[in-house]
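Each value in this text was obtained by applying a stated rule to the coordinates, not by laboratory testing. Note that this is a predicted model, so its numbers are computed, not measured. For neighbour counting, all protein chains shown are included, and Cβ atoms are generated from backbone atoms with ideal geometry for every residue, glycine included.
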Amino acid sequence: MDKAAQNEVVVKGIAASQGIAYGQIFLYVQKDLDLPQFQIDASRRVEEIARFDRALLETRKEIGRVRAEVARNLGEDEARIFDAHLMVLEDQALIGETIREMETTGLNIEACFHRVSQRYVQAFEAIPDEYLRERVADIRDVSKRLLHALLGQASASLSSVLQNRIVAANDISPSDAASIDRSNVLGIVTEGGSRTSHAVIVARSLKVPAIVGVKGITDVACDGAWAILDGYDGQIILNPTEQTLFRYGKLQEKRRTVESRIMAVNRLPAETQDGVRVQLMANIEKAEEIELVRNYQADGVGLYRTEYLFLNAEHLPDEDQQFEAYSAVAQGLAPLPVVLRTLDLGGDKADQSGVARVDSEANPFLGFRAIRICLENPEFFKKQLRAALRASAAGNVQIMYPMVCSVDEVVLAGHFLEEAKQELRDRGQAFDPKVKVGAMIEIPSAAATVDLLADECDFFSVGTNDLIQYTLAIDRLNVRINHLYQPTHPAMVRILRTIFTEAAKRKRPTGVCGEMAGDPSYAALLLGLGATSLSMAPPLIPTVKYLVRNMKMIDARKLAKEALELRDAKEIQALCEEFYRERTKDLSLG
Ligand code: PEP
Ligand code: MG
């Protein structure tokens with residue numbers, strides 16, 4: 001696609017976070033390392049070698065720093081991996097070969113180093129020995145660091161966004177999203193992503209309008225161009241005409257009226273017309289969000305995604321730093337419950353700082369993620385558990401494990417929790433000895449064994465974002481198959497019914513904390529199927545509450561029963577939408 005001139009251009013995508021933004025575009029394009037290749041004069045070779053030496057030294061120092069950090073926080077065993085990285089940098093064969101490459105080709109040193117390291121990678125990849133093959137990752141990692149040092153390139157960052165801009169990007173990582181400053185970012189539009197990518201989840205909490213899956217937007221949009229981003233209808237209008245601006249102005253007025261109708265229920269209880277009080281909880285990523293939890297009158301925090309404390313960290317937060325964050329939330333919201341989810345790194349929440357050492361993987365959502373990382377690193381895990389336990393003395397903390405796949409994981413996590421409690425007793429530090437423990441149900445194997453897990457858990461929370469992707473085998477981030485990511489697939493409705501029914505038989509409260517819970521068209525279905533609470537980004541609570549106050553639970557149960565009899569996701573979707581529309585006619589724009 002050519003860059004748009006001054007003509008109005010409408011580009012469609014998927015509505016991901018509601019709201020309208022009008023402002024100039026900030027193009028945020030993460031490029032692969034831009035590796036220059038050019039001939040250098042023979043007289044400059046000594047200078048090139050000196051530059052190479054300096055970069056080697058700098059990279060060694062950087063790796064040394066990371067190593068020390070990991071040793072301190074994760075232990076010597078974990079830190080040893082960096083010895084392998086240092087060995088690559090000290091490998092005289094690699095260094096010598098790079099210099100020889102320069103002498104024979106006459107190319108600049110970074111191009112030569114890249115060529116030689118690529119040859120190493122290919123040679124190692126061909127070796128049948130698994131241990132040696134694994135060293136390929138070390139060589140790649142070190143080469144990247146060294147090339148960055150040689151080129152003096154800092155990676156682009158969202159913190160450099162100019163004021164009041166609409167960010168247009170290929171994609172936005174969760175750690176990028178965590179550094180978004182609401183006062184700078186008016187809206188987000190990405191080529192990739194989905195409604196459940198973590199950057200979008202953060203945008204929703206911040207009330208930043210967002211649309212995703214907008215193919216070609218970084219090609220068609222110019223930096224600085226004016227645009228309207230429509231997070232309701234999932235479209236962006238570049239260079240809008242006066243007419244379009246006027247039309248949107250009118251639309252905005254209507255939306256504001258609807259918004260004020262919704263906000264009128266903010267302080268009222270979430271009670272159905274037949275008298276059932278529904279728990280509406282908040283999902284948060286950071287301790288600072290407790291203000292939002294209060295403002296939107298949540299009944300507590302149903303999901304505190306603690307991994308955000310780790311995502312942009314220069315070093316791993318220690319026990320005291322974690323305790324401070326967790327207790328600020330617990331104390332600030334007491335006596336309301338705060339469900340603190342233990343670390344869920346991995347998946348799209350890759351560890352970009354490198355401090356927690358989650359390597360890139362071919363299938364990160366099926367890989368070394370969440371509780372799998374914690375159970376293999378007990379010291380690291382117990383640090384978080386102790387911090388959470390200590391926070392339980394300050395408020396109503398409940399601990400929840402993510403990505404649980406089988407009973408033995410919860411048993412092992414429970415064992416570490418008991419050890420953490422004993423360590424606190426030994427130190428004379430207070431905690432709630434009856435702290436409740438729960439598991440996320442987001443893997444089909446957990447859904448199928450809720451009855452067994454109930455022996456080890458006090459409560460459950462259904463993570464529909466992952467449960468949908470694992471049940472339907474649809475990568476939650478893959479734009480190509482986004483249309484197949486169907487929350488109302490009959491398999492989902494059946495699985496949800498099983499989870500809630502089995503949990504209820506054993507008197508285990510079971511809420512939903514995936515994005516489905518905050519979508520008002522699904523709220524009645526979830527409640528009708530038996531969800532005991534719904535947890536969502538705080539700004540979404542009033543709309544769901546509006547529906548709850550305008551429906552009867554008995555009708556929601558009927559809806560669920562009907563949905564269970566249908567064969568097609570679209571039919572179930574239509575049924576849910578009709579239920580919502582009929583009860584919220586006041587909110588229609590028409
Ligand atoms: C989920 O999977 O639904 C969930 C709430 O967890 P996350 O989105 O953090 O994976
Ligand atoms: Mg999940």
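Overview of results
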read-out: Added length on full extension, which subtracts the Cα-Cα distance from 0.36 nm per residue, residue 181 to residue 90; value: 28.6 nm
read-out: Nearest 10 degrees, 0 to 90: helix 378-392 Cα axis against the chain principal axis; value: 40 degrees
read-out: FRET efficiency, 1/(1 + (r/R0)^6) with R0 51 Å, evaluated for residue 115 and residue 207 via beta carbons; value: 0.55
read-out: Tail beyond 22 Å, pair distance distribution of the range 400-543 (Cα, percent); value: 43 percent
read-out: Kirkwood hydrodynamic radius (C-alpha pairs) into Stokes-Einstein, the range 42-151, 20 °C and 1.002 mPa s, D in µm²/s; value: 146 µm²/s
read-out: Helix 92-105 vs. the chain, principal-axis angle (Cα, 0 to 90°, nearest 10); value: 70 degrees
read-out: Cα-projected label distance for residue 122 with residue 412, points at 7 Å along beta-carbon direction, nm; value: 4.0 nm
read-out: Amide H contacts under 5 Å for residue 279, placed H, 5+ residues apart; value: 534
read-out: Quotient of Cα Rg and 2.2 N^0.38 Å for the chain, N being how many residues it contains; value: 1.05
read-out: Amide H contacts under 5 Å for residue 186, placed H, 5+ residues apart; value: 165, 166, 167
read-out: Unit charges on C-beta of K, R, D, E only; dipole of the range 42-151, Debye; value: 400 debye
read-out: Full-extension gain in nm, residue 273 to residue 505, via 0.36 nm per residue minus C-alpha separation; value: 80.9 nm
read-out: Projected label distance in nm at residue 12 and residue 312, using a 7 Å step from Cα toward the beta-carbon; value: 3.5 nm
read-out: Most to least packed among 322-335, 390-403 [average Cβ atoms within 10 Å]; value: 390-403, 322-335
read-out: The chain - charge dipole about Cα centre, Lys and Arg +1 at Cβ, Asp and Glu -1, debye rounded to 20; value: 2160 debye
read-out: Cβ-based exposure ranking for 561, 507, 286, in which fewest neighbours within 10 Å come first; value: 507, 561, 286
read-out: Calculated FRET efficiency for the pair residue 423/residue 76, C-beta based, R₀ 25 Å, to 0.05; value: 0.80
read-out: Considering only the range 321-448, percent of DSSP beta bridges that pair antiparallel, nearest 5; value: 10 percent
read-out: Cα-based helix-to-principal-axis angle, 242-263 vs the chain, degrees rounded to 10; value: 60 degrees
read-out: Lysine pair number, Cα distance threshold 17 Å (strictly under), the range 487-590, separation 8 or more or different chains; value: 4
read-out: Calculated FRET value between residue 247 and residue 480, using beta carbons and R₀ = 25 Å, to 0.05; value: 0.20
read-out: Peptide ranges 379-386, 103-110 listed from the most packed, as the mean C-beta count within 10 angstrom indicates; value: 379-386, 103-110
read-out: Chymotrypsin sites (Phe, Trp or Tyr not before Pro) within the range 187-264: DSSP coil, no more than 15 neighbouring Cβ in 10 Å; value: 232
read-out: Segment residue 448-residue 295, extension gain: residue separation times 0.36 nm, minus the distance between their alpha carbons; value: 51.4 nm
read-out: Quotient of C-alpha Rg and 2.2 N^0.38 Å, computed over the range 263-396; value: 1.19
read-out: Share antiparallel - DSSP beta bridges, the chain, percent rounded to 5; value: 35 percent
